[in-house]
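S.K.: Right, I'll just put the structure down here and ask away after.
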Amino acid sequence: MGRYTVDLQVNRPDDQIRQIVTDYMAREGFTYTTYKGEELWKKGVGMMTAPQFMKVNFANGQVHMEAWLKYVLLPGVYFGEMGVTGFYAIAVKKPLKKRVDTLATILTQQAQA
């Protein structure tokens, strides 16, 4: 299963989008990092649940979000990706999907303000 993706048109300047994304992700406990060459938001190390990853790219009011979890072999040792939809591992997928949907709602509401 691939990454969960969402594309939005929010009609806001990039600096406002950046601020909204940064504020939301920090409140949710994510840290901005580079992981395997990708700049992304990461939460967790796999001690109790799969680590969560979100990648948010934006330019000229267009926002592209990707979300996925990694399968955990050992804490800090990950392999493969799983999307956030489907029944398998629903308990760990559901919170990440909700975060993507919430961020999309916030960005859309901000655009309408």
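S.K.: Calculate, for Gln19 and Lys94, the FRET efficiency according to 1/(1 + (r/R0)^6) with r their C-beta to C-beta distance and R0 22 Å; round to the nearest 0.05. Can you show the working numbers first?
M.R.: Numbers: r = 27 Å, r/R0 = 1.24.
Efficiency, from the Cβ-Cβ distance: 0.20.
S.K.: Can I ask one more? Pull out the extension gain between Phe79 and Glu38, defined as 0.36 nm times the separation in residues minus the alpha carbon to alpha carbon distance; nm, one decimal.
M.R.: Separation in residues times 0.36 nm, less the Cα-Cα distance, equals 13.2 nm.
S.K.: A follow-up question, please. Suppose the chain between Ala26 and Gln9 were pulled fully straight at 0.36 nm per residue; how much longer would it get relative to their current alpha carbon spacing?
M.R.: 3.9 nm
S.K.: Now for a different question. Note down the relative contact order for the range 1-80 as a percent, whole number, built from C-alpha pairs under 8 angstrom at least six residues apart.
M.R.: 33 percent
S.K.: Counting each pair of different Cα atoms once, what's the Kirkwood radius of the chain in Å, rounded to one decimal?
M.R.: Kirkwood radius, the chain: 14.4 Å.
S.K.: Oh, and also: What FRET efficiency would be calculated for the residue pair Asn60, Gln109, taking the C-beta separation as r and a Förster radius of 22 Å, to the nearest 0.05?
M.R.: 0.65
S.K.: Would you compute, from DSSP H runs of 4+ residues alone, the mean residue ellipticity of the chain at 222 nm, taking -39500 (n - 2.57) per run and dividing by the full residue count, rounded to the nearest 500?
M.R.: Result for the chain: -11000 deg cm²/dmol, rounded to the nearest 500.
S.K.: Additional query: Full-extension gain between Tyr71 and Val45, please, as 0.36 nm times their residue separation minus the C-alpha to C-alpha distance.
M.R.: Length gained, Tyr71 through Val45: 8.3 nm.
Each reported figure results from applying straightforward, stated rules to the coordinates on display, with no laboratory input. Keep in mind it's a predicted model, so treat the numbers as computed, not measured. Cβ: placed from backbone, ideal geometry, glycine included. Neighbour counts: every protein chain shown.
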